[in-house]
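Enquirer: Mind looking over this structure? Questions follow.
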Amino acid sequence: GARRDLAGRHVVVSAGGTREPLDPVRFLGNRSSGKQGYALARAAVARGARVTLVSANSALPDPAGADVVRVGTAVQLREAMLKAAPDADVVVMAAAVADFRPATYATGKIKKRDGQEPEPIALVRNPDILAELSAERARPGQLVVGFAAETDDVVPNGRAKLARKGCDLLVVNEVGEHKTFGAEENEAVVLGADGSETPVPYGPKEALAETVWDLVARALPPATDA
Ligand code: C5P
């Protein structure tokens, strides 16, 4: 269907997974492919939105019609989101952001030395970008959407996370051994700060993307032509 219900809107979507460098050749990372965030970006373009995609280390091709900003680390992702957010009607954090990063960066490759035990890797906390975007609300009426992966007690855990982060919608993915990370399909429930609960049956990430935009389009304040 040619629903142009996001025409005149600017949406900012993060996708992929951050990489936190240890030295010039090594990093701490995660298995996020970027598929869900890219599906969200493509669907938003199709529905008429201006789309900024902040992409962390995804191998996927740039979605046609989106502005793509490439980042590596959580700190860079935060900067790109804070830069784009003031102009956005909707912000979606679909990226898998590392909770921690190495406390130090070695400018030369870390070497193993004969007879020496390895140094432990000290970590420091990364900023919680979703919580920050939710608290700031760069624009009145701006909608903030987060993602969460839970293995059990999906709804109660999701509700607690939604409250903690302060976002409007939280897409809670049910994850298990063969589910979600890098997969083509997933199963989710979308929780709203208004108490709503929208189950999304096991299916393609494109279908979940459409459900997210359906809920967003319904919740957005009327468009202004400013
Ligand atoms: O706390 P948790 O990692 O489960 O939360 C997931 C949600 O929070 C996702 O939307 C993710 O993009 C976002 N997040 C973030 N900054 C972090 C960690 C997660 O924005 N440091």
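The values are calculated or read from the model by the stated rules, or taken from the named source; none is laboratory data. Small disclaimer: the values here were computed from a predicted structure and weren't measured. Here the Cβ positions follow ideal geometry from the backbone for every residue, glycine too, while neighbour counts run over all protein chains shown.
Enquirer: Residues Ala135, Ala226: which one is under 26 Å from Leu82 (Cβ atoms), modelled with pLDDT of 95 or more, hydrophobic (A, V, I, L, M, F, W, C) and surrounded by fewer than 17 Cβ atoms within 10 Å (Cβ to Cβ)? Spell out the reasoning first.
Expert: Working: Ala226 fails: modelled with pLDDT of 95 or more.
Step by step, each of Ala135, Ala226 is checked, and only Ala135 is under 26 Å from Leu82 (Cβ atoms), modelled with pLDDT of 95 or more, hydrophobic (A, V, I, L, M, F, W, C) and surrounded by fewer than 17 Cβ atoms within 10 Å (Cβ to Cβ).
Enquirer: Mind listing whichever residues of the range 104-119 are within 34 Å of the chain's Cα centre (by Cα) and acidic (Asp, Glu)?
Expert: Within the range 104-119, just Glu119 meets the criteria.
Enquirer: Being within 16 Å of the ligand (Cβ to nearest atom) and without any contact (Cβ under 8 Å) to a residue 60 or more places away in the chain is the filter here, so list the residues in the range 130-143 that pass it.
Expert: Kept after step one, since they are within 16 Å of the ligand (Cβ to nearest atom), are these residues of the range 130-143: 130-138, 142-143.
Of everything in the range 130-143, those that are within 16 Å of the ligand (Cβ to nearest atom) and without any contact (Cβ under 8 Å) to a residue 60 or more places away in the chain turn out to be Leu130, Ala131, Glu132, Leu133, Ser134, Ala135, Glu136, Arg137, Ala138, Gln142.
Enquirer: A follow-up question, please. Can you confirm whether the range 112-121 contains a residue that is under 23 Å from Thr211 (Cα atoms), in a loop (DSSP other than H, G, I, E, B) and aliphatic (A, V, I, L, M)? Reasoning before the result, please.
Expert: Pass one, the range 112-121, residues under 23 Å from Thr211 (Cα atoms): none.
The answer is no, given that none of the residues of the range 112-121 is under 23 Å from Thr211 (Cα atoms), in a loop (DSSP other than H, G, I, E, B) and aliphatic (A, V, I, L, M).
Enquirer: Quick check: is even one residue across the range 173-181 surrounded by 16 or more Cβ atoms within 10 Å (Cβ to Cβ), at negative phi and outside any loop (DSSP other than H, G, I, E, B)?
Expert: Yes, the range 173-181 contains a residue that is surrounded by 16 or more Cβ atoms within 10 Å (Cβ to Cβ), at negative phi and outside any loop (DSSP other than H, G, I, E, B).
Enquirer: Can you find, within the range 105-123, the residue that is farthest from Ala149 (Cα to Cα) among those that are surrounded by 10 or more Cβ atoms within 10 Å (Cβ to Cβ) and among the β-branched types (Val, Ile, Thr)? Outline the logic, then answer.
Expert: First pass over the range 105-123, keeping only residues surrounded by 10 or more Cβ atoms within 10 Å (Cβ to Cβ): 105-106, 109-110, 121, 123.
The next check asks that each one be among the β-branched types (Val, Ile, Thr); those that pass are 110, 121.
Values: Ile110: 33, Ile121: 26 Å.
Across the range 105-123, the extreme among qualifying residues is Ile110.
Enquirer: Going through Ala44, Ala88 one at a time, which residue ends up being in contact with a His (Cβ under 6 Å, 6 or more places away or on another chain) and surrounded by 22 or more Cβ atoms within 10 Å (Cβ to Cβ)? It would help to see each step written out before you state the result.
Expert: Numbers: Ala44 fails: in contact with a His (Cβ under 6 Å, 6 or more places away or on another chain).
Step by step, each of Ala44, Ala88 is checked, and only Ala88 is in contact with a His (Cβ under 6 Å, 6 or more places away or on another chain) and surrounded by 22 or more Cβ atoms within 10 Å (Cβ to Cβ).
Enquirer: Please find, among Leu162, Leu130, Leu169, the residue that is closer than 28 Å to Leu22 by Cβ and among the hydrophobic types (A, V, I, L, M, F, W, C). Can you show your working first?
Expert: On the way: Leu162 fails: closer than 28 Å to Leu22 by Cβ; Leu169 fails: closer than 28 Å to Leu22 by Cβ.
Selected residue: Leu130, the only one of Leu162, Leu130, Leu169 that is closer than 28 Å to Leu22 by Cβ and among the hydrophobic types (A, V, I, L, M, F, W, C).
Enquirer: Which of the strands (runs of 3 or more DSSP E) contained wholly in the range 31-107 include at least 1 residues that are aromatic (Phe, Trp, Tyr) and within 14 Å of the ligand (Cβ to nearest atom)? So that I can check it myself, show each step before the final result.
Expert: Values: elements: 50-56, 66-71, 90-93, 100-102.
Output list reads 100-102.
Enquirer: Let me ask something else. Against the definition (surrounded by 16 or more Cβ atoms within 10 Å (Cβ to Cβ) and modelled with pLDDT under 95), how does Ser55 come out, yes or no?
Expert: Details: surrounded by 16 or more Cβ atoms within 10 Å (Cβ to Cβ): yes; modelled with pLDDT under 95: no.
No.
Enquirer: Additional query: Kindly list the number of the only condition in (1) modelled with pLDDT of 90 or more; (2) over 26 Å from Ser58 (Cα atoms); (3) of a type outside the set (Ser, Thr, Tyr) that fails for Leu170.
Expert: Answer for Leu170: the failing condition is (2).
Enquirer: Turning to a different aspect of this structure: Using beta carbons and a limit of 8 Å, which pairs, at least six apart or on different chains, have the first residue in the range 153-169 and among the basic types (Lys, Arg) and the second one more than 10 Å from the ligand (Cβ to nearest atom)?
Expert: As it stands, the answer is Arg159/Leu191, since those pairs meet every condition given.
Enquirer: Determine whether the range 108-122 contains at least one residue that is within 12 Å of the ligand (Cβ to nearest atom) and of a type in the set (A, V, I, L, M, F, W, C).
Expert: First pass over the range 108-122, keeping only residues within 12 Å of the ligand (Cβ to nearest atom): none.
No - not one qualifying residue is present in the range 108-122.
Enquirer: Determine, yes or no, whether Val189 is touching a residue at least 40 places away in the same chain (Cβ under 8 Å) and outside any loop (DSSP other than H, G, I, E, B).
Expert: Details: touching a residue at least 40 places away in the same chain (Cβ under 8 Å): no; outside any loop (DSSP other than H, G, I, E, B): yes.
Against the criterion (touching a residue at least 40 places away in the same chain (Cβ under 8 Å) and outside any loop (DSSP other than H, G, I, E, B)), Val189 does not qualify.
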